[in-house]
Each structure stands twice: as structure tokens, then as C-alpha cells.
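Each remark here refers to the structure printed beneath this line.
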Amino acid sequence: MPPKKKAKKSPTEPEDPLEYINYVREKAEKSFAKKGRKSNTNYDIEQNVREIRALLKINTEIFDRCKSSGRIIKKQSTSFTRYGYEVVKVRQSTPEKIQFITEPEKTQKTFDMTPLSVLPTGLDDVFVAKYQNEYPTFIDYNKMFESFLMLQDDILGNALYC
């Protein structure tokens, strides 16, 4: 029976498990680090978590309102239809009777939905996206955010800015 082949490892990867954990964390921190950050960037993790949760909640509410009027045109494009009553005409037929006349106006706008389907550059090679159950082409950003929260604080501070 031939001897088992050892797994190939990078020459810089440490063998010790704890050293390897630190090695992977440092590598992740470097991949999240952005060059040329402004000095006024807020690194307060608690505040950023509050703000991101609020944004995710608002985005979910907006998406829930819009999804009934959307229609997928191409794989990454969706057209939304809106009906509005922009013009109201007023007519007085008798002194006691006033008529309000309006007709719905239909408007359509097409949006690129790629940001909802593809992870941002820098995250796509570190995380695997989980997709929504109801809309399997769209990333579940709530689950993505929860997976970010499992990161060590040093890395989390940088990951929240990607």
C-alpha cells in the first residue's frame, strides 16, 4: 500500500493550531483593511451594529412594500411599476356639487439588482452567501450580518466597513 500523501500547505502556515488560528485571523484582518481610510471613520462597533441593524430593518420594510410591484426582466434586472394619482381635476357642476376627477398614471423603472445577488468585492472571497428562502436569487443580508458578528472584534471593526 503506497504511503499517504500529506496535504500541501503554504510554507508560511504554522503547524500549531493556536498559531494557525492567529495566522488566519491576521490574514482576514488584512483582507478587510482598507487603504486610505479617513481619520473621521467611526470604529465604534456598538454604534455601527445599531446602525446596520436599523438599515437592514428599513431595507426589509421597503423591499416588502415593493416586491408586489416588481417583475424580473433579466437575471439581474427588475422592473417596478407604480400607479399614482398625480393630477386631480376639480369641476363644479352645481353650487352644491363638486366633482373630483383623476386617473391613475402608470410609471415603470428598471433597477439593477446585482447588489442584492452578489457579495461586495472583498467579502466574496471570505464569506459564502446565504440566500433568502422566498427570493433565492437575493442574498439574505440579515444572515450575512449575523455571521459577521461571530468575528473577533479586531476583524469585525474592519469587516463592517466593506
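Scanning region 66-106 for residues that are within 30 Å of residue 135 (Cα to Cα), without any contact (Cβ under 8 Å) to a residue 40 or more places away in the chain and not aliphatic (A, V, I, L, M) yields a total of 17. Restricting the first member to region 107-123 and to residues that are closer than 15 Å to residue 80 by Cβ, and the second to residues that are in a loop (DSSP other than H, G, I, E, B) and at pLDDT 85 or above, the beta-carbon pairs closer than 7 Å and six or more apart or on different chains are 116/138. All told, residue 63 meets the bar of being among the aromatic types (Phe, Trp, Tyr), out of contact with any strand residue (DSSP E or B) (no Cβ under 8 Å at 6 or more places or on another chain), surrounded by 13 or more Cβ atoms within 10 Å (Cβ to Cβ) and part of a helix (DSSP H, G or I). For region 124-143, filtered to residues that are touching a residue at least 24 places away in the same chain (Cβ under 8 Å) and not in a loop (DSSP other than H, G, I, E, B), the residue that is surrounded by the most Cβ atoms within 10 Å (Cβ to Cβ) is 141. Filtered by the rule that a residue be part of a loop (DSSP other than H, G, I, E, B) and modelled with pLDDT of 70 or more, region 1-58 gives 12, 13, 14, 15, 16, 44.
The values are calculated or read from the model by the stated rules, or taken from the named source; none is laboratory data. None of these values were measured; they are calculated from a predicted model. So basically every Cβ, Gly included, is an ideal-geometry build from the backbone, and we count neighbours across all protein chains shown.
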